[in-house]
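Each remark here refers to the structure printed beneath this line.
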Amino acid sequence: MRAELLALVAERSGMVFAPNRRVEAEAGIARAMKHAGVDDLADYLILVRGDGIALDGLVDELTVGETHFMRDPDQMERVRRAVFPALKRRGAGAPARVWSAGCSTGEEAYSLAILLEEEGLDQGAVVLGTDLSSAALEKARAGCYSDWSMRGVSGPFLRDYFRHSRGCRILVDRIRNKVRFERLNLVGREDYAAAGAFGMDLILCRNVLMYFDHETAGRIAARLFDCLAEDGVLLTAGADLLLGEYAPFEVEVTRVGLVYRRPRGAPAAAVPRSLAQAPPPPKALPPAEPDLGREAFERVMRHANAKGAEKAERIAQAALRRHPLDAQLHYLRATLLLALDRGEEAEHQARRALYLDPSLAVAHFLLGTILRKRGARPGALRAFRNVRDLCAARPADEAIPAGAGERTGALHSAASAEMERLEVTVG
């Protein structure tokens, strides 16, 4: 019955819940049933099938994301230093236009409005927040938040932008009035421009596209591209799908993730024909100087074997300054960082490798190992499932890229064993 409920949600919203997100989906269903006053799952299924409002309530419970003000400081600083200066140079005659797509309860959209004010770009600026959840948008428009939404922000930030009343942090009117919130289903047929999403200098669409399959995410990516102004920037999150193949973005790899830019003179994006059929896997960005990168990889391996992880990690770091787009080098440095008990850095490096080459099975396996060690079991299960699926598509006796001679069949077996362990724990 839960599968039938999720099928209705997919039909309504386009969201797909992979098996590794089963716990999250079941928790959302339980909350929706409680709000509807229904205890029996079968009765709830009958209600949702016949009542569009009840179905929207279920969608709301499954889509409202966890967020807070200035949630990703590194990415916000990237916006401040790499996006906003260009807006300053063009002058007051062309006010900034920014959009938080999938804004949930509004913290991200308001964070953008605050950044614009701090950079002197708020005059006439358009700050748009959109979401599928009507309940989330209602909370966003109210501008009233708990201390949980403020974690990580400074005392001066709270004093400058909020007043405290009856246990709530209430956003000051000068910021609240600068943001417009609209309900928008990114998967729906409605025109994004009708919600005001056009000519955007910046779009944040973070931790949204991970809810969709490749076909749906590709269609959304093409439409987001068309909503950007020339030189406009789209930022996503590390968990989201790679979008470079779905629209003619210029893609830049940065320390805080991928930056997608609409080039000057670029025509509107056409949805690829492949999206009408079985969607292809994401393509890796081409590594810079592949032959030299291979030499650097092998040199780091030799030092790791001869002089230990600490020396080899320093050499890997230097090699990456010359070959920043070499996914296998990023993976190798991640393994060395893990050997040095620098788990957080190792996780970041493994994710960077996967940004560059989503097909690098050993990087998925390493990420799964890191996440399992720190207790992030659902994420680890997802990583090991990626390994299994990638290996299943290749001959069992094929050598794995960057796998030090290991064969695909062996890695497939190892990933399957890890999944069995985690599924028992998670289930």
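The values are calculated or read from the model by the stated rules, or taken from the named source; none is laboratory data. Computed from a prediction, not measured in an experiment: that's the story for all the values here. A quick note on method: Cβ atoms are made from the backbone with ideal geometry, for glycine too, and the neighbour counts reach across all protein chains shown. We work out accessible area using only protein heavy atoms, side chains counted, and drop any ligands, DNA or RNA first. Shrake-Rupley method; radii C 1.70, N 1.55, O 1.52, S 1.80 Å.
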**Asked** Quick one: Debye curve from the C-alpha atoms of the stretch 316-427, no solvent, what's log10 I(q)/I(0) at q = 0.23 Å⁻¹?
**Response** -1.27
**Request:** Find the Cα radius of gyration of the stretch 108-265, compare it with 2.2 N^0.38 Å by division, and give the number to two decimals.
**Result:** 1.10
**Fill in**
Unit-weight point scatterers at every alpha-carbon of the stretch 52-183, Debye formula, q = 0.10, 0.11, 0.12 1/Å: log10 I(q)/I(0) is -0.33, -0.40, -0.47
**Shape box of the stretch 1-119 [Cα atoms, principal axes, largest first, Å]** = 59, 28, 22
**Asked** For the chain, which whole-number percentage of the solvent-accessible area (1.4 Å probe, protein heavy atoms only) is attributable to carbon and sulfur atoms?
**Response** 51 percent
**Message:** Using Cα-Cα distances under 8 Å and only pairs 6 or more residues apart, what relative contact order does the stretch 306-427 have, in percent?
**Reply:** 17 percent
**Asked** In whole angstrom, how far apart do the alpha carbon centroids of the stretch 103-118 and the stretch 340-409 sit?
**Response** 35 Å
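For the chain, please report how many Lys pairs fall under 28 Å Cα to Cα, leaving out neighbours fewer than 8 apart on the same chain.
Values: LYS34/LYS139; LYS88/LYS178; LYS139/LYS178; LYS307/LYS373; LYS311/LYS373.
Summing the qualifying lysine pairs gives 5.
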**Request:** Would you check the accessible area of HIS68, probe 1.4 Å, heavy atoms only, in square angstrom rounded to 10?
**Result:** 30 Å²
**Prompt:** Taking H as built 1.01 Å from N, whose amide H comes closer than 5 Å to the amide H of ASP231, not counting residues under 5 places away?
**Reply:** ARG262, ARG264
**Fill in**
For the stretch 82-88, Karplus-derived ³J(HN,Hα) couplings (6.51, -1.76, 1.60; θ = phi - 60°; whole Hz; x for glycine and proline) come out as 10, 10, 5, x, 5, 5, 5
**Prompt:** For the residue pair ALA86 and VAL251, what label-to-label distance in nm results when each label sits 7 Å from Cα along the Cα-to-beta-carbon direction?
**Reply:** 1.8 nm
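Are there GluC sites (Glu not before Pro) in the stretch 376-424 that DSSP puts in a loop and that have at most 12 other Cβ atoms within 10 Å, and which ones? Working shown, then result.
Numbers: sites: GLU398, GLU406, GLU418, GLU420, GLU423; in loops: GLU398, GLU406.
Answer by residue number: GLU398.
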**Asked** Given a cut-off of under 8 Å on Cα pairs at least six residues apart, what relative contact order in percent is computed for the chain?
**Response** 10 percent
**Request:** Normalising by the residue count of the stretch 27-184, find the relative contact order in percent from Cα pairs under 8 Å and 6+ residues apart.
**Result:** 23 percent
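Over every pair of different alpha-carbon atoms in the chain, take the mean of 1/r and invert it; report that Kirkwood radius in Å.
Numbers: mean 1/r = 0.0428 Å⁻¹.
Taking every pair of different Cα atoms in the chain, averaging 1/r and inverting gives 23.4 Å.
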**Asked** Once every DSSP H run of n ≥ 4 in the chain is given -39500 (n - 2.57) and the sum is divided by its residues, what mean residue ellipticity at 222 nm do you get, rounded to the nearest 500 deg cm²/dmol?
**Response** -15500 deg cm²/dmol
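Gain in length, GLU182 to LEU340, computed as 0.36 nm per residue apart minus the alpha-carbon separation, to one decimal in nm? Don't skip to the answer; put the middle values down first.
On the way: separation 158, 0.36 × 158 = 56.88 nm, distance 4.79 nm.
So the chain would gain 52.1 nm between GLU182 and LEU340.
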